[in-house]
Amino acid sequence: MKVAVIDIGSNTFNLMIAQVGNHSFKVISATEVPVRLGKDGFKDGRIAQDAMQRAISVLVSFKEEINKNDIQNVRCIGTNMVRSAINKHEFLDLIREHTSFEVEIISGDREAELILEGVSASGTLSNSNVLIVDIGGGSTELIIANNKKVFWKRSYELGAVRLLEHFKPSDPPTETEINDLCSYLNRQWNNLLPQIEIYKPKILIGSSGVFESFVDILLATKNEHRSAIVNEIDINEYTILHHRLLSMNNTERSKIVGLVDFRVDTIIIASIITSELLKLTEVSQMRQTDYALKEGVIWEIVHSVTKKS
């Protein structure tokens, strides 16, 4: 059967349409649209009216695509900005009125669980312990696991858009501003360090769109394109890219081949988060996987179909 999953993120909205069968699924189409639902809303905890209008416009277009494919099974997932907004019910009513979608608002813990399901479905997990990192607009999910067990997971309100609006760094950021953000990050995830010392992850796996951008930029320097679900990231090459990104302003970053327009400003925040986690973990490998939350939802549907058959 065909299913559709909509991921209402704090930065981007995603629509994935897939054919689901026993023990497998095949992606028919995947659409990502920058909405910036959290723009100008994180400080007072409200979804701004113009952000609501952008969101409705995109969701109406998703509804048209779903109808065109004659899909009845639709899962619509609301993450950090939706769950934390004090005016979320107004937003949910608007969605219901214009699209008839019923939004499932999930907790940060549940978000991490679905991300893990997606990463697991990509086939990148083994018996080595890994740190899975998903940097969204409103939150960042961190998971320590291997292919047999989940050791620890946590959702932090440390998304790239949220931090960009909170710190309002210069363009490009100054050394002091970068150090202030790094200090803030390490204070926020001080409970991560004991878990790293216990489980000693050997690989960092990035599952969000910003890691796709890291890969796309690095491949573009070699005149190559991302074609695999899972890609290795050379840590030395990433470190050089990280310092290059921080030294550039938005105009300069907008000319980088492989970097999509809607990540030109947030990629510096995401890269600082990634760089600090690399220092904290001292992992020996870094990977990117295309699979994340929406694939996790689809994989749960696969499990459900398989049980019924």
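The values are calculated or read from the model by the stated rules, or taken from the named source; none is laboratory data. In this text the structure is predicted, and so the values were computed from the model without any measurement. Because the Cβ atoms are built from the backbone with ideal geometry, glycine has one as well, and the counts that use them run over all protein chains shown. Please note that ligands, DNA and RNA were not included when accessible areas were found on the heavy atoms of the full protein model with its side chains. Shrake-Rupley method; radii C 1.70, N 1.55, O 1.52, S 1.80 Å.
Tabulated values for the structure
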{"item": "Under Karplus coefficients 6.51, -1.76 and 1.60, residue-wise ³J(HN,Hα) of segment 230-243 in Hz, glycine/proline x", "result": "10, 10, 7, 10, 5, 5, 5, 5, 4, 4, 4, 4, 4, 5"}
{"item": "FRET efficiency for residue 170 and residue 193, using Cβ-Cβ distance with R0 set to 25 Å, rounded to 0.05", "result": "0.25"}
{"item": "Solvent accessible area, Å² - residue 1, 1.4 Å probe, full protein context", "result": "100 Å²"}
{"item": "Probe 1.4 Å - accessible area at residue 284, Å² to nearest ten", "result": "90 Å²"}
{"item": "For the chain, calculated [θ]222 nm from helices alone, where every DSSP H run of n ≥ 4 adds -39500 (n - 2.57)", "result": "-14000 deg cm²/dmol"}
{"item": "Most positive-pole-ward Cα, 126, 138, 116, against dipole of segment 102-147 from beta carbon charges", "result": "126"}
{"item": "Listed pairs 148/255; 153/222; 222/294 exceeding 32 Å between Cα atoms", "result": "148/255; 153/222"}
{"item": "Solvent accessible area, Å² - residue 305, 1.4 Å probe, full protein context", "result": "40 Å²"}
{"item": "Contact order relative to length of segment 79-199, as percent, for alpha carbon pairs under 8 angstrom and 6 or more apart", "result": "18 percent"}
{"item": "Residue 35 long-range amide H proximity, modeled H, under 5 Å", "result": "12, 13"}
{"item": "Estimated D of the chain in µm² per second, where Rh is the Kirkwood radius over Cα pairs and Stokes-Einstein applies at 37 °C, 0.692 mPa s", "result": "166 µm²/s"}
{"item": "Karplus-derived HN-Hα couplings along segment 43-53 (A = 6.51, B = -1.76, C = 1.60, θ = phi - 60°), whole Hz, x at Gly and Pro", "result": "5, 9, x, 10, 7, 5, 4, 5, 5, 4, 5"}
{"item": "Percent antiparallel among DSSP beta bridges (both partners in the chain, rounded to 5)", "result": "65 percent"}
{"item": "Vicinal HN-Hα couplings computed from phi for segment 162-173 (Karplus, 6.51 cos²θ - 1.76 cosθ + 1.60; Hz; Gly/Pro x)", "result": "4, 6, 4, 6, 6, 8, 6, x, 5, 10, x, x"}
{"item": "Gained length - residue 280 relative to residue 304, 0.36 nm times residue gap less alpha-carbon distance", "result": "4.8 nm"}
{"item": "Segment 133-229 - accessible surface per residue (Å², probe 1.4 Å)", "result": "46 Å²"}
{"item": "Simple Cβ-charge dipole of the chain, Lys/Arg +1 and Asp/Glu -1, about Cα centre, in debye nearest 20", "result": "640 debye"}
